[in-house]
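The values are calculated or read from the model by the stated rules, or taken from the named source; none is laboratory data. Please read all numbers here as calculations on a predicted model, not as lab measurements. Cβ: placed from backbone, ideal geometry, glycine included. Neighbour counts: every protein chain shown. Accessible surface areas use protein heavy atoms only, side chains included; no ligands, DNA or RNA. Shrake-Rupley method; radii C 1.70, N 1.55, O 1.52, S 1.80 Å.
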Amino acid sequence: METGGKAGAAILPAGSTVPGRDDVLGQAIPFDRARWLSLLPGSGWWPGELDACPIVSGRARVDRSTVFDISRRADTIEGRRHLLTASLVWGSGTKARSVARHARIFAASSVSDIDTRLAAALDVLRREGAVSAYVAFNNGERIRFLGPAFFTKLLYFAGHDHPVGPWRPLILDSVVARALRAADTEVKWPGGGWTTPRYTRYLSLAHAHAGEARVLPDQVEAALFSHGRHPS
């Protein structure tokens with residue numbers, strides 16, 4: 001199985017544009033505080049930064065920059081809990097069904113189990129880098145109902161600005177995969193359940209493109225996400 005992309009392989013579909021980093025950090029998602037608080041194991045899982053988020057059209061909105069701020073406390077149990085919650089909130093939106101689906105992890109596992117697995121996987125990220133952490137979350141440190149679309153968000157926020165190894169962790173979800181399917185025709189890109197070689201290939205291609213374009217890799221991820229949401 002391949003573990004990386006070929007030199008010059010396409011990563012962005014034709015016509016895609018790469019957003020500025022400020023635009024990436026400002027990507028904001030609305031959320032419903034009360035809905036989340038009713039599903040968390042306790043109020044101590046809720047990061048205070050979310051209560052300071054701006055209100056737009058009657059909804060609080062959290063951006064990537066805020067989740068990055070929260071991630072800087074991920075060396076403590078409380079900080080990791082806050083990062084997990086913030087990553088879920090940022091990725092879920094306000095629909096009751098979406099929030100309930102992504103909050104299933106709290107009902108499916110004990111607090112101690114979540115804490116242990118979260119700490120172990122993020123420790124792998126700090127010591128060995130993005131690919132090894134992907135393996136950890138997908139195998140020995142798997143948290144029930146926390147799949148790649150969301151644990152790569154955790155890895156991204158915890159490690160993008162302080163990478164270990166050759167690649168920064170990036171988000172891989174069904175929307176990004178849809179854009180990859182349009183551009184990278186050398187392999188199959190399913191809508192979920194991506195293997196480690198697929199994640200490795202994605203990181204390799206995205207970093208190569210970022211290097212050529214002189215941007216950060218999450219700007220390439222954001223361009224993929226934008227195209228995946230609105231394919232031409």
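Worth a mention:
- Near E141: Cβ cut-off under 14 Å, other residues only, Lys/Arg at +1 and Asp/Glu at -1. The net charge is +2.
- Over all other residues within a Cβ to Cβ distance under 15 Å of D75, the charged ones net out to +1, with Lys and Arg as +1 and Asp and Glu as -1.
- Shape call, region 76-183: gyration tensor on alpha carbons, a/c limit 1.5: oblate
- In terms of its C-alpha gyration tensor, region 1-129 comes out oblate, because a/c is 1.5 or above while a/b does not outweigh b/c.
- Phi-based couplings in Hz for region 120-129 (Karplus 6.51, -1.76, 1.60; Gly and Pro marked x): 5, 5, 6, 5, 4, 4, 5, 8, 10, x
- Charge dipole (Cα centre; +1 on Lys/Arg Cβ, -1 on Asp/Glu Cβ; no other charges) of region 131-205 amounts to roughly 180 debye.
- Cα gyration tensor category, rounded, prolate or oblate, for region 125-215 with a/c compared to 1.5: oblate
- What separates the Cα centres of region 32-55 and region 138-183 is a distance of 23 Å.
- Residues D51, D63, D22, D173 ordered from highest to lowest accessible area at a 1.4 Å probe: D22, D51, D63, D173.
- Radius 13 Å from Cβ of V175, net charge of other residues (Lys, Arg +1; Asp, Glu -1): +2
- Restricting region 145-232 to trypsin sites (Lys or Arg not before Pro) in coil, as DSSP defines it, with at most 11 other Cβ within 10 Å: K188, R214
- Qualifying trypsin sites (Lys or Arg not before Pro) in region 83-126, DSSP loop, other Cβ atoms within 10 Å at most 13: K95
- Residue-wise HN-Hα couplings along region 169-183, as the Karplus relation 6.51 cos²θ - 1.76 cosθ + 1.60 with θ = phi - 60° gives them from phi, are x, 10, 6, 10, 10, 5, 6, 4, 4, 4, 5, 4, 4, 6, 9 Hz; Gly and Pro carry x.
- Average Cα contact separation per residue, region 91-209, under 8 Å, 6 or more apart, as relative contact order %: 21 percent
- Vicinal HN-Hα couplings computed from phi for region 37-49 (Karplus, 6.51 cos²θ - 1.76 cosθ + 1.60; Hz; Gly/Pro x): 4, 6, 10, 7, x, x, 5, x, 7, 8, x, x, 4
- Taking amide H positions as modeled 1.01 Å from N, with prolines and chain starts lacking one, the residues under 5 Å from A60 and 5 or more places away or on another chain are F31.
- Just the protein heavy atoms count here, and of the accessible area of region 26-76 at 1.4 Å, carbon and sulfur take up 50 percent.
- Cα long-axis angle, helix 217-229 against the chain (0 to 90 degrees, to the nearest 10): 90 degrees
- Here region 83-229 exposes an accessible surface that is 50 percent carbon and sulfur, computed with a 1.4 Å probe and the other protein chains kept in place.
- About the centre of its Cα atoms, the chain shows a dipole size close to 640 debye [charges on the beta carbon of Lys, Arg (+1) and Asp, Glu (-1) only; nearest 20 debye].
- Rolling a 1.4 Å probe over the heavy atoms of the protein chains gives region 39-147 an accessible area of 45 Å² per residue.
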